[in-house]
Amino acid sequence: MTYCELWLESKAGLSQFRVALLVPDEFELPEGFALSDAQPNPNKKFYVSEWYDGIKEAKKAIDSAAQFYSDRNLKFLYFREIRKPR
């Protein structure tokens, strides 16, 4: 089964956040994401958003990305966790 993965990353403690996406090649990409230098999975591409000050804007951004995939009937895993940046 092909699917996208979404989660939040934080830096500077819990003051800055960004959205991270692990996306198969055949999936479209929401606006506002850039290919990361780190590529942890050979089967999917790793993209990140800009850094947001505070969790509220980052939460809006990840919800928007999830809605993007939902609207296209593409499968995704939405991890409700905050990871360290890659």
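The values are calculated or read from the model by the stated rules, or taken from the named source; none is laboratory data. Being a predicted model, the structure only gives us computed values, none of them experimental. Glycine gets a Cβ as well: all are built from the backbone with ideal geometry, and neighbour counts include every protein chain shown. Heavy atoms of the whole protein, side chains included, go into the accessibility calculation; ligands, DNA and RNA do not. Shrake-Rupley method; radii C 1.70, N 1.55, O 1.52, S 1.80 Å.
Before moving on, here are some points about what is shown:
- Degrees separating the helix 55-71 axis from the principal Cα axis of the chain, which is the longest one: 10
- Using the 1.4 Å probe convention, the accessible area of the chain works out to 62 Å² per residue with neighbouring protein chains retained.
- Equivalent-ellipsoid semi-axes for region 19-63 (Cα gyration tensor, √(5λ), whole Å, largest first): 21, 11, 8.
- Relative frequency of Cα-Cα separations exceeding 19 Å in the chain, percent: 32
- Treating r as the C-beta distance of Lys59 and Glu26 and R0 as 25 Å, the FRET efficiency rounds to 0.35.
- Measuring nothing but protein heavy atoms, the accessible surface of the chain at 1.4 Å probe radius is 48 percent carbon and sulfur.
- A helix-only calculation puts the chain at -6500 deg cm²/dmol for mean residue ellipticity at 222 nm, using -39500 (n - 2.57) for each DSSP H run of at least four residues, averaged over all residues.
- Karplus 3J(HN,Hα) series, Hz, for region 41-47 with 6.51 cos²θ - 1.76 cosθ + 1.60 (x for Gly, Pro): 10, x, 9, 9, 9, 9, 10
- Listed residue (Pro24, Ala34, Leu14) projecting farthest to the positive dipole end of the chain, Cβ model: Leu14
- Note on Asp71 and Lys11: their simple-model spin labels are 2.9 nm apart, each label 7 Å out from Cα toward Cβ.
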